[in-house]
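The values are calculated or read from the model by the stated rules, or taken from the named source; none is laboratory data. It should be emphasised that the depicted structure is a prediction, and the values quoted were computed from it without experimental measurement. Neighbour counts run over all protein chains shown; Cβ positions are idealised from the backbone, glycine included. Surface accessibility is based on the protein's heavy atoms, side chains included, excluding ligands, DNA and RNA. Shrake-Rupley method; radii C 1.70, N 1.55, O 1.52, S 1.80 Å.
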Amino acid sequence: MTTATAIIDISTLVTNDPSLGEGPLGLLQDAAVVIDGDRVVWVGESSKAPATDNQVDAGGRALLPGFVDSHSHLVFAGDRTEEFNARMSGRPYSAGGIRTTVAATRAASDRDLDVNVARYVREARRQGTTTLEIKSGYGLTSQDEARSLEIASAYTDEVTYLGAHVVPPEFADDPAAYVDLVTGPMLDLCAPHARWIDVFCERGAFDGDQARTILTAGARHGLTPRVHANQLTRGPGVRLAVELGAASADHCTHLSDADVDALAQGDTVATLLPGAEFSTRSPYPDARRLLDAGVTVALSPDCNPGSSFTSSMPFCVALAVREMGMTPDEAIWAATAGGARALRRTDVGRVAPGARADLALLDAPSHVHLAYRPGVPLVAAVWQGGTLV
């Protein structure tokens, strides 16, 4: 292994592989990891690590898989500081919400949008995120949605077409015509740049019938569904996601027993986005209810300029433990392996031979410190595809 690097003296290693260590996180103590190229090639006790030309001493700190963020809205311009300030101050605010960001995004140059995405990708990476899904959804014209996806594609393979975010103002009197655009010319232009299709199935956005039409049209173009579901109210989003074989139903804040049963019996991951509830003072999703029912749960910051302007997965881990009934181990799994499940990836979200060498080293002896020390910048080093970044 002349080109390999061994990371030794790891106090606690989260592998997410129960065959390698203790419990669902596959925990190993006093461990080492060997990476070669962009892959993990060996995992085990530090004293048994094979000889390598390169060695990194973890100094008795914890190592875990890089976070897998399966839900972000990074292609946008402007911000909504005034809206947030009014909401937090209890003042009425009548500006356009998502439509405000749409106007700013349409007016921005490609370079401005690209610089913005790069900034937030770097920000997330510094906090341990090594895999990111990025959606469109702030263009809402065929050309603006397509350029949003092209820009996102420079940063990730996990690109999602979200033309069905809201109905833009120019179609306010004819939402059916906008659905026709999203499932017709806009989809034709956008599908080559995306892997996924998403829809905001919610009161004030798209109803169940519209969402079904949009998602099935995307499937005919080879795009796999994801759904913004049950964020603001109970509705058809979650059960539609399961019925259509969506990779994830995201938000899952307001669920009926039938919704929980559907998720438990299907393969759709429930992706919980506590940053949105934190930033809007809304009720948090009940992660405990989902986990106890056997639902696969992922966590994501939902980085966007309106309802959750954070890129910090450690912050969301702390919120999930404090506010959503998750144990620290469950929250770490959801932020790594859970996100990988939501993206239908087996090469990320774990530290095991054959997996991508996406790793986060904490300035702490245990992964539990991510919830134990909220708000503290604990990520000391990040490897992405075997490269220290």
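Filtered by the rule that a residue be surrounded by fewer than 24 Cβ atoms within 10 Å (Cβ to Cβ), within 18 Å of the chain's Cα centre (by Cα) and not aliphatic (A, V, I, L, M), region 357-384 gives a lone residue, Q384.
Among the residues of region 245-275, those that are more than 18 Å from the chain's Cα centre (by Cα) and crowded, with 18+ Cβ neighbours inside 10 Å comprise H254, L255, D259, V260, A262, L263, G266.
You will find that of T130, T81, the residue that is closer than 30 Å to T336 by Cβ and not small (G, A, S) is T130 and no other.
Only one of the listed residues (F67, F84, F76) is among the aromatic types (F, W, Y) and open to solvent by 20 Å² or more (accessible area, probe 1.4 Å). That residue is F84.
Being acidic (D, E), in a strand (DSSP E or B), modelled with pLDDT of 95 or more and open to solvent by less than 40 Å² (accessible area, probe 1.4 Å), is that true of even one residue in region 276-291? No. Being β-branched (V, I, T), surrounded by fewer than 24 Cβ atoms within 10 Å (Cβ to Cβ) and closer than 30 Å to L378 by Cβ is the filter here, so list the residues in region 128-158 that pass it. If the condition is that a residue be β-branched (V, I, T), surrounded by fewer than 24 Cβ atoms within 10 Å (Cβ to Cβ) and closer than 30 Å to L378 by Cβ, then T156 is the only one that fits. Of the residues examined, E123 is one that is in contact with a Ser or Thr (Cβ under 9 Å, 6 or more places away or on another chain), under 30 Å from R345 (Cβ atoms), at pLDDT 95 or above and open to solvent by 20 Å² or more (accessible area, probe 1.4 Å). Taking (1) over 19 Å from R125 (Cα atoms); (2) of a type outside the set (K, R); (3) in contact (Cβ under 8 Å) with a residue 40 or more places away in the chain; (4) open to solvent by 40 Å² or more (accessible area, probe 1.4 Å) in turn, T327 satisfies each apart from (3). In region 39-55, which residue that is within 18 Å of L388 (Cα to Cα) and without any contact (Cβ under 8 Å) to a residue 60 or more places away in the chain is least open to solvent (accessible area, probe 1.4 Å)? Out of the qualifying residues, it is T52.
Between R226, R239, R212, the distinction of being open to solvent by 20 Å² or more (accessible area, probe 1.4 Å), modelled with pLDDT of 95 or more and under 20 Å from L187 (Cα atoms) belongs to R212 only. Please verify whether region 93-105 includes one or more residues that are at pLDDT 95 or above, over 16 Å from S70 (Cα atoms) and loosely packed, with under 15 Cβ neighbours inside 10 Å. No: zero hits. If I filter region 341-351 for residues that are closer than 23 Å to V260 by Cβ, free of Cβ contacts under 8 Å to residues at least 40 places away in the same chain and out of contact with any His (no Cβ under 9 Å at 6 or more places or on another chain), do I get at least one hit? No, region 341-351 contains no residue that is closer than 23 Å to V260 by Cβ, free of Cβ contacts under 8 Å to residues at least 40 places away in the same chain and out of contact with any His (no Cβ under 9 Å at 6 or more places or on another chain). Checked against (1) closer than 17 Å to G385 by Cβ; (2) in contact with a Leu (Cβ under 8 Å, 6 or more places away or on another chain), D36 meets all criteria but (2).
Could you go through region 252-261 and let me know if any residue there is under 30 Å from R119 (Cα atoms), in contact with a helix residue (DSSP H, G or I) (Cβ under 8 Å, 6 or more places away or on another chain) and assigned to a loop (DSSP other than H, G, I, E, B). Yes, the conditions are met somewhere in region 252-261. Tallying residues that are closer than 19 Å to C201 by Cβ, of a type outside the set (F, W, Y) and either out of contact with any Gly (no Cβ under 6 Å at 6 or more places or on another chain) or open to solvent by 10 Å² or more (accessible area, probe 1.4 Å) (or both) within region 178-189 yields 5. Of the residues making up region 57-83, those that are of a type in the set (A, V, I, L, M) and over 23 Å from R356 (Cα atoms) are L74, V75, A77. Checking each residue in region 88-141 for being of a type in the set (S, T, Y) and without any contact (Cβ under 8 Å) to a residue 12 or more places away in the chain picks out S89, Y93, S94, S109. Within the set S300, S307, the sole residue that is without any contact (Cβ under 8 Å) to a residue 60 or more places away in the chain, closer than 27 Å to F200 by Cα and not hydrophobic (A, V, I, L, M, F, W, C) turns out to be S307.
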